[in-house]
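Asker: Before I ask anything, here is the structure I am working with.
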Amino acid sequence: MSRAVTLLTDGRVVYPDVVMDDCEVVVQGSTILEVRRPRRRRTGVDQVISLGGGFLTPGLIDLHVHGGGGADFMDGTAEAALTVCRTHLRHGTTTLFPTTTTGTPAQLSAMLAACREAQELAAGEDTVPRARIAGVHLYGPYFAPDKVGCHLPEQQRTPRVGEYRDYFSTGMVRIATCAAELPGAAAFYRYAKKHNCLITCGHSNSTYAEMQAAFQAGMRHVDHFWCAMSSVSSLRSRCGVPMQASMEQFVMMEPEMSTEVIADGCHLSDDLLRFAWRFKGPERLCLVTDASRALDQPAGEYRFGSAIDGPVFRSDGQVGWTLDGRGLASSVAGMDRMVRNMWRATGAAVPEVIRMASLTPAERVGIADQVGSIESGKRADLVLWSPRLHVKSVMLAGRWFARLPG
């Protein structure tokens with residue numbers, strides 16, 4: 001690998017808490033060598049790139065992503081996985097966690113194997129830029145029966161150690177989801193904790209007390225806040241009266257809990273996005289895409305999850321819809337749209353919005369020593385944005401792609 005030194009200058013460098021206009025970034029090979037004040041003498045530099053006053057941020061990190069470019073990770077092939085990774089890189093995502101849907105054990109195993117193969121192929125790839133797979137998000141199939149959402153309901157089930165032990169044995173699982181009220185959930189959480197996972201609760205109708213028990217077993221995160229999760233009203237039909245506190249109240253009350261929002265402008269209103277940002281703050285709130293295979297594809301009908309038997313949904317080019325038109329079916333947007341819309345909806349400063357899409361997710365999954373911010377010694381995964389936060393270029397491991405393949 002080349003050890004050439006590249007100097008990035010004339011940009012607005014975005015740190016987690018401030019924008020710096022008077023510094024330059026030195027990249028050597030695949031690593032950020034130095035962030036420094038501009039110098040007149042530029043000895044030892046092989047290439048100087050002017051950023052033209054644009055924002056320079058760390059590469060974005062997506063903890064919750066299913067597909068893109070016509071492919072879904074649950075298609076179970078390395079080719080599909082690489083297609084998704086290539087698609088998301090165009091939107092500024094340099095690291096992602098392929099996310100499972102409900103499916104058969106054979107489908108889940110095939111997905112894990114395909115992601116490992118894609119990970120190994122990308123590591124040796126010299127020509128085609130693709131977002132990096134940092135591990136798999138084991139999301140489906142351990143959902144509550146009444147919170148399956150757009151996932152295939154026939155494959156929803158309770159966690160059994162004989163099944164999930166095989167998934168964890170691959171070494172690929174870094175994020176693990178289970179509805180807190182399911183039988184065996186606590187054992188699943190403890191098993192995931194032993195494997196150093198970010199442990200999450202999602203697609204759940206759990207009570208505050210069940211969330212407390214899950215927290216004691218290691219759960220620290222809730223998937224896509226307000227989507228397919230319990231509320232005071234949903235628990236009334238399950239638990240009767242007195243009305244019960246829900247996942248929402250637990251996440252708001254427990255400082256250690258983090259969560260995520262789909263800020264595509266279709267899943268959540270601006271009011272809810274502002275509420276989440278103000279209540280959890282950028283240190284505990286992540287932006288995710290939850291994107292389907294319909295990302296960067298024309299409006300039409302697609303399968304969610306496996307291309308063979310996944311449920312059919314309709315994309316209007318802005319969001320996915322169930323065929324009855326009454327429910328949302330994942331997003332069809334990249335992380336750049338999530339960043340722009342969160343910025344517009346909340347009025348948060350650029351560093352706060354970028355943090356929610358980079359350093360905060362990196363911290364939650366334990367990779368902040370490698371990526372997530374522009375610091376000496378970290379991987380040179382960088383994004384150049386226009387003043388209105390449109391992606392102009394992406395640097396992946398020190399390689400600058402001024403025009404990404406469409």
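The values are calculated or read from the model by the stated rules, or taken from the named source; none is laboratory data. Being a predicted model, the structure only gives us computed values, none of them experimental. Ideal geometry is used to build each Cβ from the backbone, glycine not excepted, and the neighbour counts take in all protein chains shown.
Asker: Please verify whether region 10-33 includes one or more residues that are out of contact with any Phe, Trp or Tyr (no Cβ under 9 Å at 6 or more places or on another chain), in a loop (DSSP other than H, G, I, E, B), farther than 24 Å from residue 386 by Cα and touching a residue at least 60 places away in the same chain (Cβ under 8 Å).
Answerer: Yes: one or more hits.
Asker: Going by what's in this entry, would residue 329 be described as crowded, with 21+ Cβ neighbours inside 10 Å, touching a residue at least 60 places away in the same chain (Cβ under 8 Å) and of a type in the set (Gly, Ala, Ser)?
Answerer: Yes; evaluated as a whole, the condition is true for this residue.
Asker: Is there a residue being closer than 24 Å to residue 259 by Cα, in contact (Cβ under 8 Å) with a residue 24 or more places away in the chain, in a loop (DSSP other than H, G, I, E, B) and small (Gly, Ala, Ser) anywhere in region 370-392?
Answerer: Yes: one or more hits.
Asker: What residue, of 245, 228, is in contact (Cβ under 8 Å) with a residue 24 or more places away in the chain, farther than 26 Å from residue 357 by Cβ and in contact with a helix residue (DSSP H, G or I) (Cβ under 7 Å, 6 or more places away or on another chain)?
Answerer: 245
Here is a yes/no grid of residues against (1) more than 24 Å from residue 200 (Cα to Cα); (2) surrounded by 17 or more Cβ atoms within 10 Å (Cβ to Cβ); (3) in contact with an Asp or Glu (Cβ under 6 Å, 6 or more places away or on another chain):
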site	(1), (2), (3)
339	no, yes, no
345	yes, yes, yes
354	no, yes, no
371	no, yes, yes
380	yes, yes, no
388	yes, no, no
394	yes, yes, no
398	yes, yes, no
401	yes, no, no
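Asker: So, one more: Sort through 179, 214, 209, 186 and tell me the only one that's in a loop (DSSP other than H, G, I, E, B), modelled with pLDDT of 95 or more and not basic (Lys, Arg).
Answerer: Step by step, each of 179, 214, 209, 186 is checked, and only 179 is in a loop (DSSP other than H, G, I, E, B), modelled with pLDDT of 95 or more and not basic (Lys, Arg).
Asker: Taking the condition surrounded by fewer than 22 Cβ atoms within 10 Å (Cβ to Cβ), of a type in the set (Lys, Arg) and at pLDDT below 95, does residue 274 pass?
Answerer: Working: surrounded by fewer than 22 Cβ atoms within 10 Å (Cβ to Cβ): yes; of a type in the set (Lys, Arg): yes; at pLDDT below 95: no.
Against the criterion (surrounded by fewer than 22 Cβ atoms within 10 Å (Cβ to Cβ), of a type in the set (Lys, Arg) and at pLDDT below 95), residue 274 does not qualify.
Asker: Oh, and also: Looking at region 56-67, can you tell me whether even one residue there is surrounded by fewer than 23 Cβ atoms within 10 Å (Cβ to Cβ) and assigned to a loop (DSSP other than H, G, I, E, B)?
Answerer: No - not one qualifying residue is present in region 56-67.
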